[in-house]
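Reading through the structure tokens given below for one structure.
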Amino acid sequence: MAGPLTGPAGGPPAVVLIGPPGAGKSTVGRILAERLGVTYRDTDADIEETAGKPIPDIFFDDGEPHFRDLERAAVREALAGHDGVLSLGGGAVMDDGTRKLLDGLPVVFLEVGLHDAVRRVGLDAPRPLLAINPRQRWRELMDERRPLYAAASRAVVGTDGRTPQDVAGAVLEALQPHSN
């Protein structure tokens with residue numbers, strides 16, 4: 001039975017999570033999917049399956065423009081065909097077309113500070129855009145992306161110092177209709 005966050009089968013996603021690496025999109029997304037009784041999907045995993053290799057290899061072998069083409073296609077397909085919880089890669093919101101597709105959907109920006117992001121992602125993790133001077137590059141990416149994340153989302157949920165379960169609860173609370 002469809003509830004306030006679960007549309008008809010085959011409809012738009014129940015929740016779309018956006019945010020930078022280290023925000024907890026995958027972990028929180030799985031918890032949300034379980035709580036809502038829906039499936040979880042991650043467009044980064046879709047891209048890796050389509051390309052047959054990990055994202056860092058796509059960046060290094062084929063270049064960022066090719067990766068972004070794959071990302072646009074993965075996001076478009078997932079938004080059209082997944083009615084569960086969906087996590088988008090950190091840079092997906094950089095594309096104008098993707099932001100237009102997100103318009104009107106239950107999008108939540110998981111915001112994370114540098115300290116927690118570094119702790120969660122690790123400086124040696126295979127993140128192509130963070131390969132050189134990760135702390136400085138992360139700050140630059142956030143300066144560039146934060147306004148886009150905020151504009152594309154219905155709600156912003158901070159993750160610093162919170163458990164994934166707490167963040168999932170805050171996401172559900174933020175998306176509930178509030179009566180006055």
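Key figures
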{"item": "Extreme residue, nearest to P13 (Cα to Cα), among residues of segment 81-99 that are touching a residue at least 40 places away in the same chain (Cβ under 8 Å) and open to solvent by 30 Å² or more (accessible area, probe 1.4 Å)", "result": "D83"}
{"item": "Members of segment 23-41 found to be open to solvent by less than 10 Å² (accessible area, probe 1.4 Å) and touching a helix residue (DSSP H, G or I) at 6+ places or on another chain (Cβ under 9 Å), listed by number", "result": "A23, V28, G29, L32"}
{"item": "Hits in segment 10-52 - residues which are charged (D, E, K, R) and under 17 Å from H82 (Cα atoms)", "result": "K25, R30, E34, R35, R41, D42, D44, D46, E49"}
{"item": "Residues of segment 42-73 classified as acidic (D, E), without any contact (Cβ under 8 Å) to a residue 12 or more places away in the chain and open to solvent by less than 60 Å² (accessible area, probe 1.4 Å), total", "result": "0"}
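Every residue, every condition in (1) open to solvent by 60 Å² or more (accessible area, probe 1.4 Å); (2) over 21 Å from D44 (Cα atoms); (3) at pLDDT 95 or above; (4) touching a Cys at 6+ places or on another chain (Cβ under 6 Å), yes or no:
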{"residue": "L114", "(1), (2), (3), (4)": "no, yes, no, no"}
{"residue": "R127", "(1), (2), (3), (4)": "yes, no, no, no"}
{"residue": "Q136", "(1), (2), (3), (4)": "yes, yes, no, no"}
{"residue": "L141", "(1), (2), (3), (4)": "no, no, no, no"}
{"residue": "D160", "(1), (2), (3), (4)": "yes, yes, no, no"}
{"residue": "A170", "(1), (2), (3), (4)": "no, yes, yes, no"}
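The values are calculated or read from the model by the stated rules, or taken from the named source; none is laboratory data. As the structure is a prediction and not an experimental result, all values here were calculated from the model. Here Cβ is always computed from backbone atoms with ideal geometry, including for glycine, and neighbour counts include all displayed protein chains. Heads up: the accessible areas ignore ligands, DNA and RNA and are worked out on the full protein's heavy atoms, side chains in. Shrake-Rupley method; radii C 1.70, N 1.55, O 1.52, S 1.80 Å.
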